[in-house]
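Engineer: One structure, pasted below without further comment.
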Amino acid sequence: MKPSLAAVLAVATVPFAALHAATAQTSSASALTLMPVPAHLTTGAGAFSWTPSVTIGVTHFRNQRLDDAIQRSLLRLERATGVPRQRTVTTTAASSLVIDVDGPGDAIQSIDEDESYTLSVSASGIKLHAATVVGAMRGLTTLEQLVQASGNGFILPAVDIQDTPRFRWRGLMIDTGRHFEPVEVIKRNLDAMAAVKLNVFHWHLSEDQGFRIESKIYPKLTGMGSDGLFYTQEQAKEIVAYAAERGIRVIPEFDMPGHTKAWLVGYPELSSDPGPYSIRREFGVDDDAMDPTKESTYKFIDAFLGEMATIFPDPYLHLGGDETPGTQWKKNAHVTAYMKAHNFKNTEELQTYFSQRVLELAKKHGKHLVGWDEILTPNLPTDAIIQSWRGVKSLSVAATRGYQGILSAPYYLDGMKSAEDNYLADPIPADTTLTPAQQKFVLGGEVCMWGEQLNELSIDSRIWPRAAAVAERFWSSADQRNVDDMYRRLSVESLRIEADAHTTHLTHEGAALRELAGTEDIDALRTFSSILQPVSFGERYHFQHTSQITSLDLLVDAVRPDPPSRHNSILLVADLLKSPKGNSAARAQLTRTFQSWIDAAPIVSAQMDQSPLLAQARPRLTAFASLGHIGLDALTYLNGKKAPAGWKQKALADLEAARKPEMMLRFTVIDALHNLVDAVQ
Ligand code: ACM
């Protein structure tokens, strides 16, 4: 039986945070924590016990890629359960875990790779079948997610799963241009992607702020445009191989003709003006760009793409195309003369000409082109893929006109929206105006992690676990929209990802708080930070005017977007309000929580006295304690004591004032507190 919410809350020790993790511990099939949810799942009776005597048989096709994937899964299962793994994999069909794969799949994983699998678990055994090795990998991750504690051991509940993705293109973009990310960061994010069945790593490799991949033909690209922070060709190949082993395609992006300042530092002749140029430290849209009117520009790109094609085997190549205002072009007599001679009415038409030329070059090197939605102009050849970032509309416009597209606009992680907001945005929403035939042009979507305001320490906490919720949107059926259940499973998947992929999205906060406070004694500070989240990229930029040289070591860099406190506090208050006087467990939990804020405030204040960086967040600390008092007062009044005249009005006004961000920090509990105060008569 599932424990009641109140029973769960009574044992929770971390305010708000433990609610979902505790509910997920139950072993009934209703407590499955699969993410993404499979296309078809039926539960059966009984369970399979995961013990040291589990034998593994690969009965049909077998190769190194499959064997490695199996070993990685077994190792993770060993760590999760403490059950020693079998070191021998046989070919016998009498094994308790049978893995039956038809064949290797594409030599280079394609957009049409068959990722489907079936997985059946009964008390007597487990059978996984897939047409391809990638399908088997998807099934193995599901198998891992099925394992749960039961009594003193671990079981997999009996299930029958037939699973296949809803969308073929399920990506994560990481911008390594504005802030470089070391190889290890990329690898652990690839592991996390594989855990939730994402299959495209879109690697944004060049920006105004940095050119990040070695070119042997054009060594000044990294030599002068990277601050020494770039991937060697060997490292890039290693990452491509690492991704392929996990069933992930790598799409490199070389953004052009804009966002190219770092190219121009070493090769100013690519632009229309002689320069000199330097790496841009400011963010935002730059005036300078490649010169589309010179044949030498295309010669350069041709050779460069040819070199990159030896590193990146995927048939798709991203060539950016975003945010090129044409300012530099308009000022240059030679460019404007060219436009006149070619009858280009504006710089958009000049950029379309550029896109067409580059598309031809990509084709010459065996590549199809992906670009941001700016490239969708009247004369664009229809084999280009449109990545929609300025709004969802360009995706349907593209599909209507016969272009394949991928959706990213709702999945900009630097917008710091909740997992809920990200999750509910659908590449093909229920009210779509696209015909079924047009819907087929929507390939899927990509979560985007832009790099302006993050570094190698904070990046994981900006990506995970929210990207896992979107991974479910891309994989699972469209009617999978239960937000409470998504958060229940996400809280478990978040722990799995950190344990298995070694991401730092949870541990980062503690490490950053210790550094800020200069002590290990951060319980009070953590109580404070647990109800704070960073403002959006735009809000922070407006406040701080961040650039590449802004150091990212404030409280805003420590706290996580959409931490558990936001959704859990809403649930807890809703639970209390079902029976404000009767629900003593929820009242006790809320009382403890509000009191903990009041108690933590003076301790954090003393730490701020010692830490100038932490002290910058002091305005939020004052509000923190008063939120605790508002909460305690509301509980008292909900329990029968009459609220003084005007109390409610003032409390609601104070909450609205606290809702406004200060020092780039936003409270996560204002909605829950509002609901609580609003219920007071
Ligand atoms: C973009 O965000 N400029 C694609």
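The values are calculated or read from the model by the stated rules, or taken from the named source; none is laboratory data. Remember, it's a predicted structure, so these values are computed and weren't measured experimentally. We place every Cβ from the backbone using ideal geometry, glycine too, and count neighbours over all the protein chains shown. Keep in mind that these areas ignore ligands, DNA and RNA; they rest on the heavy atoms of the full protein, side chains included. Shrake-Rupley method; radii C 1.70, N 1.55, O 1.52, S 1.80 Å.
Engineer: For S536, enumerate residues with amide H under 5 Å from its amide H, sequence gap 5+ or separate chain, H modeled in the peptide plane.
Structural biologist: none
Engineer: To continue, here is another question. If the reach is capped at under 19 angstrom between alpha carbons, list the aspartates and glutamates near K367, excluding any in the same chain fewer than eight residues apart.
Structural biologist: Correct list for K367: D106, D112, E113, E253, D255, D302, E307, D314, D383.
Engineer: Right, here's the next one. What residue among S272, T297, A309 has its Cα farthest toward the positive end of the dipole of the stretch 265-310, where the charges are +1 on Lys, Arg and -1 on Asp, Glu, each on the Cβ?
Structural biologist: The Cα lying farthest towards the positive end belongs to A309.
Engineer: Amide H neighbours of D286 under 5 Å, at least 5 residues apart or on other chains, H built in the peptide plane: list them.
Structural biologist: Counting only residues 5 or more places away or on other chains, the set is H259.
Engineer: When all alpha-carbon pairs of the stretch 436-586 are counted, what percent fall beyond 20 Å?
Structural biologist: The calculated P(r) of the stretch 436-586 puts 61 percent of pairs beyond 20 Å.
Engineer: Can you divide the C-alpha Rg of the stretch 148-188 by 2.2 N^0.38 Å and report the result to two decimal places?
Structural biologist: 2.10
Engineer: Follow-up. Report the equivalent ellipsoid semi-axes for the stretch 367-501 in whole Å, largest first, defined as the square roots of five times the eigenvalues of the gyration tensor built from alpha carbon atoms.
Structural biologist: Each semi-axis is the square root of five times an eigenvalue, giving 28, 19, 11 Å.
Engineer: Accessible area per residue of the stretch 340-437 at 1.4 Å probe, in Å²?
Structural biologist: Dividing the accessible area of the stretch 340-437 by its residue count gives 44 Å².
Engineer: Along the positive direction of the dipole of the stretch 561-602 (beta-carbon charges: Lys, Arg +1; Asp, Glu -1; about the Cα centre), which of N568, Q595, N583 reaches farthest?
Structural biologist: Toward the positive end, the furthest listed residue is N583.
Engineer: Using a Förster radius of 56 Å, what is the FRET efficiency between D106 and A679 based on their Cβ-Cβ separation? Nearest 0.05, please.
Structural biologist: Efficiency computed from Cβ-Cβ geometry: 0.45.
Engineer: If you don't mind, another one. How much area per residue is accessible in the stretch 609-648 when the probe is 1.4 Å and only protein heavy atoms are counted (Å²)? Mind dumping the intermediate values first?
Structural biologist: Numbers: 1980 Å² over 40 residues.
On a per-residue basis, 50 Å².
Engineer: Given a Förster distance of 22 Å, report the FRET efficiency between H368 and K440 from their Cβ-Cβ distance, rounded to the nearest 0.05.
Structural biologist: Working: r = 17 Å, r/R0 = 0.76.
Efficiency at R0 = 22 Å is approximately 0.85.
Engineer: Separate question: Which whole-Hz ³J(HN,Hα) couplings does the stretch 52-60 yield from phi under the Karplus relation 6.51 cos²θ - 1.76 cosθ + 1.60, θ = phi - 60°, glycine and proline marked x?
Structural biologist: Going residue by residue, I get x, 8, 4, 10, 10, x, 9, 8, 10 Hz, with x marking Gly and Pro.
Engineer: Sticking with this structure for a sec: Given contacts defined as C-alpha pairs under 8 Å and at least six residues apart, what's the relative contact order of the chain, whole-number percent?
Structural biologist: 13
Engineer: Hey, another quick one. Rank by packing, highest mean first: peptides 648-657, 307-316, 495-504, 242-251, with packing defined as the count of other Cβ atoms within 10 Å averaged across residues.
Structural biologist: Going from most to least packed, we get 242-251, 495-504, 307-316, 648-657.
Engineer: Among residues other than K440 whose Cβ falls under 13 Å from its Cβ, what is the net charge (Lys/Arg +1, Asp/Glu -1)?
Structural biologist: Once positives and negatives cancel, what remains is +1.
Engineer: If you don't mind, another one. Under unit Cβ charges (Lys, Arg +1; Asp, Glu -1), what dipole magnitude, rounded to 20 debye, does the stretch 573-656 have relative to its Cα centre?
Structural biologist: Computed about the Cα centre, the dipole is about 360 debye.
Engineer: Then there's this: When the convex hull of the Cα atoms of the stretch 45-118 is projected onto a plane and the area is averaged over all directions, what value comes out in nm²?
Structural biologist: Directional mean of the projected Cα hull area for the stretch 45-118 stands at 6.2 nm².
Engineer: Then there's this: Sorted by average packing, counted as other Cβ atoms within 10 angstrom per residue and highest first, what order do 513-526, 79-92, 453-466 take? Write out the running numbers ahead of the final one.
Structural biologist: Numbers: 513-526: 17.4, 79-92: 13.6, 453-466: 23.6.
Those peptides, ordered most packed to least, come out 453-466, 513-526, 79-92.
Engineer: Size of the dipole of the stretch 300-459 about the Cα centre, Lys and Arg at +1 and Asp and Glu at -1 on the beta carbon, nothing else charged, in debye to 20?
Structural biologist: That gives a dipole near 760 debye.
Engineer: Return the lysines within reach of K393: Cα separation strictly under 26 angstrom, same-chain partners fewer than 8 residues apart disregarded; answer none if there are no such residues.
Structural biologist: Those lysines meeting the cut-off are K345, K417, K440.
Engineer: What are the principal axis extents of the Cα atoms in the stretch 141-259, in Å, biggest first?
Structural biologist: Result for the stretch 141-259: principal-axis Cα extents of 60, 32, 21 Å.
Engineer: What list of whole percents do you get for P(r) of the chain, with Cα-Cα distances grouped in 10 Å bins up to the one holding the largest distance?
Structural biologist: Values per bin, smallest distances first: 3, 14, 23, 24, 19, 12, 4, 1, 0.
Engineer: Give the value in nm², to one decimal: projected area of the alpha carbon convex hull of the stretch 624-679, averaged over all directions.
Structural biologist: With the hull built on Cα positions only, its mean projection is 3.6 nm².
Engineer: Now for a separate question. Could you work out the equivalent-ellipsoid semi-axes for the stretch 506-568, taking the square root of 5 times each eigenvalue of the Cα gyration tensor, largest first, in whole Å?
Structural biologist: Result for the stretch 506-568: semi-axes of 21, 16, 8 Å.
Engineer: So, one more: Apply the a/c threshold of 1.5 to the C-alpha gyration tensor of the stretch 227-266 and tell me whether it is rounded, prolate or oblate.
Structural biologist: It is oblate, given that a/c is not under 1.5 and a/b is not larger than b/c.
Engineer: Sticking with this one: How many percent of DSSP beta bridges within the chain run antiparallel, rounded to 5?
Structural biologist: Counting only bridges with both partners in the chain, antiparallel ones make up about 40 percent.
Engineer: On to the next question. Sort 415-424, 484-493 by the packing proxy (mean of other Cβ within 10 Å over each peptide's residues), most packed first.
Structural biologist: The peptides rank, most packed first, as 484-493, 415-424.
Engineer: Sorted from largest down, give the three principal axis spans of the alpha carbons of the stretch 29-158, whole angstrom values.
Structural biologist: 44, 32, 24
Engineer: Just want the answer: with Cβ charges of +1 for Lys and Arg and -1 for Asp and Glu, which residue in G538, L552, T519 is farthest toward the dipole's positive end in the stretch 473-563?
Structural biologist: Value: G538.
Engineer: About the Cα centre, and with charges only on the beta carbon of Lys, Arg (+1) and Asp, Glu (-1), how big is the dipole of the stretch 492-627? Nearest 20 debye, please.
Structural biologist: The dipole of the stretch 492-627 has a size of about 640 debye.
Engineer: Under a point spin-label approximation (7 Å from Cα along Cα-to-Cβ), what is the A93-A149 distance to one decimal in nm?
Structural biologist: Here the modelled spin labels are 3.9 nm apart.
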